[in-house]
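Beneath this line is the structure, given in structure tokens, with notes to follow.
The values are calculated or read from the model by the stated rules, or taken from the named source; none is laboratory data. Bear in mind that the values here come from a model prediction, so they are computed numbers and not experimental data. Virtual Cβ from ideal backbone geometry, glycine too; neighbours counted across all protein chains shown. The accessibility values were calculated without ligands, DNA or RNA, using every heavy atom of the protein model including side chains. Shrake-Rupley method; radii C 1.70, N 1.55, O 1.52, S 1.80 Å.
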Amino acid sequence: NEVEGLMTLAKYLNISAEDNGTINTVLWKISGVSSFDVAGHEGKQIATVYSSLPRSNEAVPAISIPGIVWEKAEDPSMIGEALDRLMTRAEVDRWYDSIYISLGIFLTAFAYAFTRYSEWVNGSYPYTMVPLYIADKAISWTALWMIIVSPFAGNVLALGAIRSNWESCSAVDKTMYVFGALFVIPSVFFFLIPWGVWFILRSLLSNALYLSQGKDKAFAPIKAMLVDIVSLKHESGVVGFFFVLTHGFMGVLVAIPAYKSKWFDSKGRFYGNNELSMACGVIALTLITAVTIRSLFGKTSWIKLKLMYNFVAPLGAFLAAMHVVLMGYSGWNKLFDYNTKKGQPSITWVSSMFPLFVLAAHVFLSIFGTKKRVGKQMIWKHSATYAAFKKHQLLNDEFVLALRNQNVVPIHAMNATGHKAKEVDFAGENKVPDLHEVEQHSLFSGSEVSC
């Protein structure tokens with residue numbers, strides 16, 4: 001692929017320079033623009049420049065092109081570009097992974113909704129109601145769980161951290177562990193099937209997953225998946241928002257007496273619980289939209305984000321859950337009654353319990369600072385990010401080894417010394433950062449409900 005090709009190009013440029021004895025030619029590699037940008041149709045566009053001589057005075061081309069602004073890359077060497085490309089690919093893989101989570105939840109929810117409401121199984125609705133009415137139930141379920149799935153993983157990891165350091169934990173943290181477990185264990189039970197579907201999807205469609213990133217190998221794949229979910233809090237929240245938005249449109253279409261006869265009184269008005277349910281839903285949509293817009297703006301000072309993520313986001317998730325509860329709680333007295341849908345519990349109960357358990361556990365683990373304390377422990381990166389670093393480390397090692405076999409040193413080392421150096425310290429500037437020196441996700445990063 002292009003990364004291996006890039007490393008091959010870097011190798012041959014080094015060998016060619018060594019053979020010539022001097023370095024008098026600079027090769028620039030431009031990224032981030034196309035011929036359309038060169039034409040200047042969209043104003044000035046930034047072109048990232050990589051160079052075969054990253055330390056030369058000619059770091060960027062001395063060429064003026066309308067519509068293009070040259071910008072030297074942070075690491076302008078070919079090796080640096082390889083890392084940039086791998087990390088960009090990892091960023092894309094993270095979005096795919098978040099989509100796989102949503103598909104796991106949606107497939108589970110749709111199967112449950114179809115089983116409970118279709119005339120072919122336990123329900124009475126014809127197949128003509130599947131594309132909109134029944135599908136909307138699965139979409140709303142997916143929306144609710146996607147905006148809460150990252151804090152769910154954070155809760156589980158927090159309990160695991162307390163358990164692993166039980167002897168050194170304070171009495172407060174141990175007490176919160178007990179109360180938190182009362183809600184975390186049921187939430188794990190509710191998420192088992194979507195978790196399994198997600199595992200199958202990502203195993204079939206993704207690579208380099210579940211890599212162990214520490215000395216403790218116990219439950220490494222499970223811990224890796226939980227860390228992946230925590231670190232996807234931005235992506236999963238944004239994907240969840242689009243499910244929320246889709247449900248908002250579809251829900252309005254079916255909120256009529258022909259579909260929802262139990263919602264309306266003889267005057268055609270909502271009953272009190274349904275009116276309150278709709279109010280909670282609208283407010284939740286507004287809050288979740290605000291959090292999503294804030295997330296899409298990118299990172300900024302935590303002081304600016306604290307109110308949004310610590311209060312607005314959890315409130316939006318809670319109101320979304322109450323929107324579902326108020327809609328269907330009246331039938332919960334017959335949850336497992338075989339005479340009602342053959343004992344299949346109400347979809348409003350199944351879909352709302354998971355977020356309520358997650359939020360309750362979050363409160364118990366946060367109210368006395370437990371999550372913040374255990375969040376000081378360093379944990380693993382997302383599998384795609386970790387795999388990108390390992391891939392670059394491997395390619396860089398192969399690159400250095402190939403040059404050593406040719407008795408050649410990297411161009412940037414030759415340029416730095418001003419002459420042909422046969423022996424240099426290859427652990428110099430292009431060494432891949434140690435995995436423990438790179439910023440890692442902490443448990444606290446999954447403690448806030450974020451979109």
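Under a crude label model (7 Å from the Cα following the beta-carbon direction), how far is Phe336 from Lys262 in nanometres?
Result for the modelled spin labels: 2.0 nm.
Highest mean first, what order results for 326-335, 62-71 on Cβ atoms within 10 Å?
Result, highest mean first: 326-335, 62-71.
Give the carbon-plus-sulfur fraction of the accessible surface of segment 27-181 in %, rounded to a whole number; probe 1.4 Å, heavy atoms of protein chains only.
Carbon and sulfur together cover 58 percent of it.
Over segment 206-345, average the accessible area per residue using a 1.4 Å probe and give it in Å², no decimals.
I get 57 Å² per residue for this part.
Under a Cβ-only charge scheme (Lys and Arg +1, Asp and Glu -1), can you give me the dipole magnitude of segment 272-405 about the Cα centre, in debye to the nearest 20?
With only Lys, Arg, Asp and Glu charged at Cβ, the dipole is about 520 debye.
Computing the accessible area with a 1.4 Å probe over protein heavy atoms, can you report the carbon and sulfur percentage for segment 239-355?
68 percent
Please work out the Cα center distance from segment 272-333 to segment 60-115, rounded to the nearest Å.
Answer, in whole Å: 28.
Mind listing the long-range amide H neighbours of Leu27? Cut-off is under 5 Å, sequence gap 5 or more, other chains count too, H placed in the peptide plane at 1.01 Å from N.
Those lying under 5 Å, H to H, from Leu27 are Ser52, Leu53.
In square angstrom, rounded to the nearest 10, how much accessible surface does Leu276 have for a 1.4 Å probe?
90 Å²
How large is ³J(HN,Hα), in whole Hz, for each residue of segment 231-246 in order, when computed from phi with the Karplus curve 6.51 cos²θ - 1.76 cosθ + 1.60 and θ = phi - 60°, using x for Gly and Pro?
Ordered by residue, 3J(HN,Hα) equals 6, 9, 4, 5, 5, 5, x, 5, 4, x, 4, 5, 5, 4, 5, 4 Hz.
Sort the following peptides by mean Cβ neighbour count (other Cβ atoms within 10 Å, averaged over residues), highest first: 142-148, 221-227, 161-167, 359-365.
The peptides rank, most packed first, as 142-148, 359-365, 221-227, 161-167.
At 1.4 Å probe radius, can you tell me the per residue accessible area of segment 129-173 in Å²?
About 30 Å² of surface per residue is accessible.
Taking 21 Å as the cut-off for C-alpha to C-alpha distance, list the pairs among Lys306/Lys371; Lys174/Lys372; Lys174/Lys233; Lys304/Lys381; Lys137/Lys223 that go past it.
Flagged as over cut-off: Lys174/Lys233; Lys304/Lys381; Lys137/Lys223.
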